[in-house]
């Protein structure tokens, strides 16, 4: 069911979303998230971001996250497209798109996948700022967001 891609090339979010419903009449909801490169992070202007990953390992981690979502919610399809390589502000970095019969499941699964992708997928971000290059550190807020999905968490589906 899940379609996972890690690529340097830009993606067409509309085309990816349309693929979730093409030829289907059982889809009642599609929830999506598109992450973009910002021009400001932690108080510094960002002129470019480079995303690095471990080929093979990254795809397996994303597939595992998608499998966890499919085990929690009744999903019809799920797509994750994540870019790597050099990006500039305004570029799309990631797409998470989920289809299901009902909106609640689609919304929850989309948020779950994004929360876990931010904390459990092996990606590294390096930003170019006026002060030079810097690696982007993990954020406690991302860990907190993912933590709510664990046993006993409020977002558990």
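So the values come out like this:
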| item | result |
| --- | --- |
| Complete set of residues in the stretch 1-14 that are part of a helix (DSSP H, G or I) and surrounded by 11 or more Cβ atoms within 10 Å (Cβ to Cβ) | 13 |
| Count of the stretch 79-127 residues which are over 19 Å from residue 57 (Cα atoms) and more than 10 Å from the chain's Cα centre (by Cα) | 21 |
| Every residue from the stretch 97-148 that is surrounded by fewer than 20 Cβ atoms within 10 Å (Cβ to Cβ), at pLDDT 90 or above and touching a helix residue (DSSP H, G or I) at 6+ places or on another chain (Cβ under 8 Å) | 118, 119, 120, 122 |
| Selection count where residues are part of a loop (DSSP other than H, G, I, E, B), under 19 Å from the mean Cα position of the chain (by Cα) and surrounded by 15 or more Cβ atoms within 10 Å (Cβ to Cβ), scope the stretch 15-56 | 1 |
| Test result for residue 79, surrounded by 20 or more Cβ atoms within 10 Å (Cβ to Cβ), in contact with a helix residue (DSSP H, G or I) (Cβ under 7 Å, 6 or more places away or on another chain) and closer than 17 Å to residue 17 by Cβ | yes |
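The values are calculated or read from the model by the stated rules, or taken from the named source; none is laboratory data. As the structure is a prediction and not an experimental result, all values here were calculated from the model. Virtual Cβ from ideal backbone geometry, glycine too; neighbours counted across all protein chains shown.
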